[in-house]
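*Asks:* Mind having a look at this structure? Questions to follow.
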Amino acid sequence: MKLNLKHSKHAVGQNAYHLVWKTKYALDLFKSVYYRKVCEGALRQVAMNYGYKIYEMQVMPEHVHLFVECPKMISVSKTLQLFKGISSRMLRRRFSFLREHKHLWSPGKFYRSVGNVSWDVIQNYIAHSQGSWSLPDNKLPTYYRQRRLTAFT
């Protein structure tokens, strides 16, 4: 699957993340296919309402994996807040036995930005392909040269 860069007036980029979160107390609620499908529907509803694009989703018995592209101005913390909060509210409305628990999701989370290149490719690019910014003083234009202050020497 190829992920395309998004272009706007003054920016080019991609805001895609792998997100993982667990149920509170490792409750294996989603081992039932029915509950799993309702959770998937809730997550898809959040994505549709807020402009997210879900590339991959896996609802496991006690945790959720989500590979999602976020709108450009929404942070990863806001993304997790929306997915966890709204899905919890939707599931608790649908299943009354979940209202007995104070929380559906654990406060913990995992996130990692995802792109078309790996970490070592970016590190190598920054380290070796940008050239040097240092110029000898005699090559700098006069307005960039630092003047010596005689009062402090």
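The values are calculated or read from the model by the stated rules, or taken from the named source; none is laboratory data. Quick caveat: nothing in here was measured; it's all calculated off a predicted structure. Don't worry about glycine lacking a Cβ; one is built from the backbone with ideal geometry, like all the others, and counts go over all protein chains shown.
*Asks:* Name the strands (runs of 3 or more DSSP E) wholly inside the stretch 1-53 in which the number of residues that are modelled with pLDDT of 85 or more is 2 or more.
*Replies:* Values: elements: 6-8, 11-13, 16-22.
Those strands (runs of 3 or more DSSP E) span 16-22.
*Asks:* Out of V46, V64, V68, I need the residue that is under 19 Å from the mean Cα position of the chain (by Cα), among the β-branched types (V, I, T) and under 14 Å from K24 (Cβ atoms). Which one? Before the answer, list the steps.
*Replies:* Numbers: V46 fails: under 14 Å from K24 (Cβ atoms); V68 fails: under 14 Å from K24 (Cβ atoms).
Going through V46, V64, V68 in turn, just one is under 19 Å from the mean Cα position of the chain (by Cα), among the β-branched types (V, I, T) and under 14 Å from K24 (Cβ atoms): V64.
*Asks:* A further question on this structure: For Q146, state whether it is at pLDDT below 90, outside any helix (DSSP H, G or I) and surrounded by fewer than 12 Cβ atoms within 10 Å (Cβ to Cβ). Steps first, answer last, please.
*Replies:* Details: at pLDDT below 90: yes; outside any helix (DSSP H, G or I): yes; surrounded by fewer than 12 Cβ atoms within 10 Å (Cβ to Cβ): yes.
Taking the combined requirement at face value, the residue satisfies it.
*Asks:* Then there's this: With the condition kept exactly as written, say whether any residue in the stretch 49-59 is crowded, with 18+ Cβ neighbours inside 10 Å and within 14 Å of H18 (Cα to Cα).
*Replies:* Start the filter on the stretch 49-59 by keeping residues that are crowded, with 18+ Cβ neighbours inside 10 Å, which leaves 52, 59.
Still in the list and also within 14 Å of H18 (Cα to Cα): 52, 59.
Yes, the stretch 49-59 has at least one match.
*Asks:* Are any of the residues in the stretch 70-79 surrounded by 15 or more Cβ atoms within 10 Å (Cβ to Cβ), assigned to a helix (DSSP H, G or I) and at pLDDT 90 or above? So that I can check it myself, show each step before the final result.
*Replies:* Step one: of the stretch 70-79, the residues surrounded by 15 or more Cβ atoms within 10 Å (Cβ to Cβ) are 70, 74, 76, 79.
Applying the additional criterion that residues be assigned to a helix (DSSP H, G or I) yields 76, 79.
Imposing the further condition that a residue be at pLDDT 90 or above reduces the set to 76, 79.
Yes - at least one qualifying residue is present in the stretch 70-79.
*Asks:* While we're on this one: Any idea which residue in the stretch 1-25 is farthest from V68 (Cα to Cα), counting only those that are surrounded by 11 or more Cβ atoms within 10 Å (Cβ to Cβ) and hydrophobic (A, V, I, L, M, F, W, C)?
*Replies:* Quick first cut of the stretch 1-25, residues surrounded by 11 or more Cβ atoms within 10 Å (Cβ to Cβ) only: 3, 6, 13-24.
Narrowing the set further to residues that are hydrophobic (A, V, I, L, M, F, W, C) leaves 3, 16, 19-21.
Details: L3: 11, A16: 6, L19: 8, V20: 11, W21: 14 Å.
Checked the stretch 1-25; the qualifying residue farthest from V68 (Cα to Cα) is W21.
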